[in-house]
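So the structure is just underneath, and the comments pick up after that.
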Amino acid sequence: QKEVEQNSGPLSVPEGAIASLNCTYSDRGSQSFFWYRQYSGKSPELIMFIYSNGDKEDGRFTAQLNKASQYVSLLIRDSQPSDSATYLCAVRLSGGGADGLTFGKGTHLIIQP
Amino acid sequence: DAGVTQSPTHLIKTRGQQVTLRCSPKSGHDTVSWYQQALGQGPQFIFQYYEEEERQRGNFPDRFSGHQFPNYSSELNVNALLLGDSALYLCASSLARDGGRYGYTFGSGTRLTVV
């Protein structure tokens, strides 16, 4: 059974610091990896996607993927109070076609002003 | 550019009843997926529709069924509602030729409460 594991938190980070969110997955066939941000009572919003080993940067966000260790992470630099939300890690198995995502339970991030 | 729209936003049903939720995908998208998100949990994949057919299904009973129309919009039907079906139901759309590589756009969801 495909599993995605995240520390549920809460993870508390001071404003301006780097927030580091981690995710492990069980299925070695996983091809694509996504980070979604979800504010309380709202729907998930895509922040980053990555499918190659290494780092991918977009503004203050960096996604890191290590397929050998089955590990994906999200770094948020210069954390802002507006970054306080639940961050969901999701993986997609197939390299072709459109397949369903498997989500972790999410990490609740709190940025302290 | 219209995003994913879902209706209704909130719904209260009684155990044993049936419910239909609706979704219009983002303009240009042709694939619709449905997810169930219980409180404090990540979304769980229910099923995906493309070309009016169910392409893939998650671990949900047959009480959950769906449909996709020629204009790519979709419905999720749940029969014989249980208290445990209370959740946020999310619709996500994508473009099949992208193979989901770029992620999925979620609608704002339908909050279903079963009493």
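The values are calculated or read from the model by the stated rules, or taken from the named source; none is laboratory data. Keep in mind that what you see is a predicted model, and the values were worked out from it rather than measured. Glycine gets a Cβ as well: all are built from the backbone with ideal geometry, and neighbour counts include every protein chain shown. Keep in mind that these areas ignore ligands, DNA and RNA; they rest on the heavy atoms of the full protein, side chains included. Shrake-Rupley method; radii C 1.70, N 1.55, O 1.52, S 1.80 Å.
Some notes on this structure:
- Residues in the stretch A:90-101 that are buried (at least 22 other Cβ atoms within 10 Å of the Cβ) and more than 7 Å from chain B (Cβ to nearest Cβ) were compared, and the one that is modelled with the lowest pLDDT is A:VAL91.
- Any hit, the stretch A:90-98, residues being touching a residue at least 60 places away in the same chain (Cβ under 8 Å), of a type outside the set (A, V, I, L, M), in a loop (DSSP other than H, G, I, E, B) and within 16 Å of B:TYR104 (Cα to Cα): yes
- The stretch A:51-89, residues that are among the aliphatic types (A, V, I, L, M) and either surrounded by 20 or more Cβ atoms within 10 Å (Cβ to Cβ) or in contact (Cβ under 8 Å) with a residue 24 or more places away in the chain (or both): A:ALA63, A:LEU65, A:VAL72, A:LEU74, A:LEU75, A:ILE76, A:ALA85, A:LEU88
One line per residue, one yes/no per condition, for (1) touching a Ser or Thr at 6+ places or on another chain (Cβ under 6 Å); (2) away from every other protein chain (no Cβ under 13 Å):
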{"residue": "B:GLN56", "(1), (2)": "no, no"}
{"residue": "B:ARG63", "(1), (2)": "no, yes"}
{"residue": "B:PRO70", "(1), (2)": "no, yes"}
{"residue": "B:GLU75", "(1), (2)": "yes, yes"}
{"residue": "B:ASN79", "(1), (2)": "no, yes"}
{"residue": "B:GLY100", "(1), (2)": "yes, no"}
{"residue": "B:SER108", "(1), (2)": "yes, no"}
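- Flag for B:GLN37 being open to solvent by less than 60 Å² (accessible area, probe 1.4 Å), within 11 Å of chain A (Cβ to nearest Cβ) and in contact with an Asp or Glu (Cβ under 8 Å, 6 or more places away or on another chain): no
- Those residues of the stretch A:33-50 which are hydroxyl-bearing (Ser, Thr, Tyr) and either surrounded by fewer than 19 Cβ atoms within 10 Å (Cβ to Cβ) or part of a strand (DSSP E or B) (or both), in sequence order: A:TYR36, A:TYR39, A:SER40
- Residue check, B:PHE47 surrounded by fewer than 22 Cβ atoms within 10 Å (Cβ to Cβ) and within 22 Å of A:CYS89 (Cα to Cα): yes
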